[in-house]
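Right, one structure below, let's go through it.
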Amino acid sequence: MNQLQNFTKGFLKENPVFVLLLGMCPVLGVTSSAINGLGMGLATTFVLVMSNTVVSLVKKQIPSKVRIPSFIVIIASFVTIVEMVMEGFLPELYNQLGLFIPLIVVNCLILGRAEAFASKNNFISSVIDGLGMGLGFTFALTLLGTVREMLGSGTIFNVSFVPENAQTFLLFVMPPGAFIALGFLIAFINRLKHKRA
Amino acid sequence: MAQQKESSLFNMLTTLVVITLISGFALAYVNQLTIKPIQQAQLSKKKDALVEVLPEFDNNPVDTRYAVFVKALGDSVEVYKAYQSGELVGTAVNAFSPDGYSGDVRIMVGFLPDGTIHAISVLEQTETPGLGTKMTEAEFIDQFADKNPKDFKMQVVKDGGQVDAITAATISSRAFCDALQMAYAVCVDSCDANTGATSTDEKTH
């Protein structure tokens, strides 16, 4: 697999949300608006790239029996850094995402890539994998957030396109709406993929 | 996995110790870098809210801050006084209700000296997006402006009050009203203390 494929696989072929179905907790939890999805996706991308980088660099020094705790410590450190930086410099977004930032630690996408990819591949491939997967995750979250926001609040990135007091499908900004919207999106993506094949 | 090291007690211990040490130092360093901006962000949020809910003032209300203990909550709320050329023009109360749909609802309420509500700003809420979060929007909040709680019953209509609840978010609206009532109670207490003369000076210093 060349590096370009390695990068682009995260968007459609192995999209973490639509195909691998990894990290569903933040996917369903924060995507009530497009901007939340985007913010969460970028925060996760940063953690994913950094943890993939570090894991691929130290993989030979870590005894295999303690590799999972070691990976978790590495991931948790980067998550805490993201949290502190975001609270200091992006307080608005921090208030919105709140609880979900520390939960990036237990996002199985990140540990999954560390274990399945970064611990077996070299530094450059791991960085590219992290970037591709992270941006694919961001893309999926933003897409899901946009769909839910459009249907649920009648806005896109907080810009309203329906008349005031219009009735919107409130269901879509609530948890059941997340499942429904995700289900339809996955069906749609699957159809796209099968057409190509 | 062949490339990974064999595990022995010694190398497992050293690996974990080294990793935790490095991440500990890294976090301490980042913490030092971000602690100032974090405090500043929280302070400026408070200041913005004060400017929003109080009439024009020329002192720094953050300096006049004092806490009032509320028994019902087992926690204290903060009170700020605003002065314009020495005259008291408003009181802001930072009150909250633990009974939101998911977590605390924290609001800043500005009262005029006669107890009339000047404006309200929502500081913190984690209500359902699109439903409870409408409490931050003008449509809901503006109904309280210029109302005096003396003749405005701060309960949702369902409970026999005069507050139009947010559609499909009665619990959130109730929590908002609870916080508002608490703010008013605290404000009335502090205003009584004011008319009781000298006590404010002692409190502010």
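The values are calculated or read from the model by the stated rules, or taken from the named source; none is laboratory data. Remember, it's a predicted structure, so these values are computed and weren't measured experimentally. Cβ coordinates were reconstructed from backbone atoms using ideal geometry, including for glycine residues, and neighbour counts include every protein chain displayed. Areas reflect the complete protein model, heavy atoms only, side chains present, ligands, DNA and RNA absent. Shrake-Rupley method; radii C 1.70, N 1.55, O 1.52, S 1.80 Å.
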Q: Nearest 5 is fine: what % of DSSP beta bridges in the protein assembly as shown come out antiparallel, could you say?
A: 95 percent
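How much accessible area per residue does the stretch B:13-103 have, in Å², with a 1.4 Å probe? Walk me through the intermediate numbers first.
Working: 5200 Å² over 91 residues.
On a per-residue basis, the stretch B:13-103 sits at 57 Å².
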Q.
For a quick check, take a GNM of chain A with Cα springs below 10 Å and name the residue from A:VAL66, A:VAL58, A:VAL27 with the largest mean-square fluctuation.
A. A:VAL66
Q: Only Cα pairs under 8 Å and at least 6 apart count here; give the relative contact order of the stretch B:11-99 as a rounded whole percent.
A: 20 percent
(Q) Between 0 and 90 degrees, rounded to the nearest ten: what's the tilt of helix B:9-53 against the longest Cα principal axis of chain B? (A) 20 degrees
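Okay, helix-only estimate at 222 nm for the protein assembly as shown: each DSSP H run of n ≥ 4 adds -39500 (n - 2.57), divide by all residues, round to 500 deg cm²/dmol; what do you get?
Values: 12 runs with 208 residues, N = 402.
After summing the helix terms and dividing by the residues of the protein assembly as shown, the value is -17500 deg cm²/dmol.
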Q) How high is the FRET efficiency between B:ALA67 and A:MET24 when r is their beta carbon distance and R₀ equals 41 Å, given to the nearest 0.05? A) 0.45
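Ordered by packing density, taken as the mean number of other Cβ atoms within 10 Å over each peptide's residues, highest first, how do B:26-34, B:87-95, A:132-140 rank?
Ranking, from highest mean packing down: A:132-140, B:87-95, B:26-34.
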Q) Using Cα atoms only, what is the angle between the long axis of helix B:170-195 and the major principal axis of chain B, expressed in degrees (0 to 90) to the nearest 10? A) 60 degrees
Q. Where does each of B:166-177, A:46-57 land if you order them by average Cβ count within 10 Å, highest first?
A. A:46-57, B:166-177
Q | For chain A: relative contact order, % (alpha-carbon pairs under 8 angstrom, 6 or more apart) | A | 37 percent
Q. In the stretch B:28-75, what residues drop by 10 Å² or more in accessible surface going from the chain by itself to the full protein assembly, probe 1.4 Å?
A. B:VAL30, B:ASN31, B:THR34, B:PRO37, B:ILE38, B:ALA41, B:GLN42, B:LYS45
Q: Compute the distance in nm between two label points, each set 7 Å from the Cα along the Cα-to-Cβ direction, one at B:ASP99 and one at B:ASP75.
A: 1.5 nm
Q: Determine, from the Cβ-Cβ distance of A:PHE123 and A:PHE184 and an R0 of 41 Å, the FRET efficiency 1/(1 + (r/R0)^6), rounded to the nearest 0.05.
A: 0.60
Q: Calculate the length of the line joining the C-alpha centroid of the stretch B:149-171 to that of the stretch A:117-170, in whole Å.
A: 37 Å
Q: Compute the relative contact order of chain B as a whole-number percentage, counting only Cα pairs closer than 8 Å that sit 6 or more residues apart in sequence.
A: 16 percent
Q | Candidate lysines for bridging to B:LYS153, where Cα separation is under 30 Å - those fewer than 8 sequence places away on the same chain excluded | A | B:LYS45, B:LYS46, B:LYS47, B:LYS71, B:LYS81, B:LYS134
Q: Would you kindly calculate the translational diffusion coefficient of the stretch A:155-197, applying Stokes-Einstein with the Kirkwood radius from alpha carbon pairs, for 10 °C and a viscosity of 1.306 mPa s, and quote it in µm² s⁻¹ without decimals?
A: 127 µm²/s
Q: Taking only Cα atoms and a 10 Å spring cutoff, compute GNM fluctuations for chain B and point out the largest among B:GLN181, B:GLN143, B:GLN42.
A: B:GLN42
Q | Distance (nanometres) between label positions extended 7 Å along Cα→Cβ at A:PHE161 and A:PHE89 | A | 3.2 nm
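Which value, in Å³ per residue, describes the convex hull spanned by the Cα atoms of chain A? Before the final figure, lay out each step's value.
Working: hull volume 24.9 nm³, N = 197.
Taking the convex hull of the Cα positions in chain A, it is 126 Å³ per residue.
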Q.
Residues of the stretch A:44-80 with the amide nitrogen closer than 18 Å to a label point 7 Å from the Cα of B:LEU33, along Cα-to-Cβ, please.
A. A:44-54, A:74-80
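Hey, got the average number of other protein chain Cβ atoms within 10 angstrom for residues in A:177-188?
Working: counts 1, 0, 0, 0, 0, 0, 0, 0, 0, 0, 0, 0.
The shielding value for this peptide is 0.
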Q: Measure out, as a whole number of angstrom, how far apart the alpha-carbon centroids of the stretch A:53-115 and the stretch A:1-33 sit.
A: 17 Å
**Q.** Prolate/oblate/rounded call for the protein assembly as shown, Cα gyration tensor, a/c under 1.5 rounded
**A.** oblate
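Please give the total accessible area that chains B and A bury against each other, computed with a 1.4 Å probe and expressed in Å² to the nearest 100. Don't jump to the answer; show the numbers that get you there.
Numbers: alone 12300 and 10370 Å², together 20100 Å².
The buried area between B and A, both sides summed, comes to about 2600 Å².
Give the average, rounded to an integer, of partner chain Cβ atoms located within 10 angstrom of each Cβ in A:83-91. Present the calculation step by step, with values, prior to reporting the outcome.
Details: counts 2, 9, 5, 2, 6, 11, 4, 1, 7.
Across A:83-91, the average partner-chain Cβ count within 10 Å equals 5.
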Q: Pick out, from A:ALA34, A:GLN5, A:ASN107, the residue whose Cα sits farthest towards the positive end of the charge dipole of the protein assembly as shown, with +1 on the Cβ of Lys and Arg and -1 on the Cβ of Asp and Glu.
A: A:GLN5
Q: Please find, in a Gaussian network model of chain B (springs between Cα atoms separated by less than 10 Å), the residue of B:TYR184, B:TYR80, B:TYR66 whose mean-square fluctuation is greatest.
A: B:TYR66
Q: Using only the alpha carbons of the stretch B:54-199, determine the length spanned along each of the three principal axes and report them from longest to shortest in whole angstroms.
A: 46, 29, 26
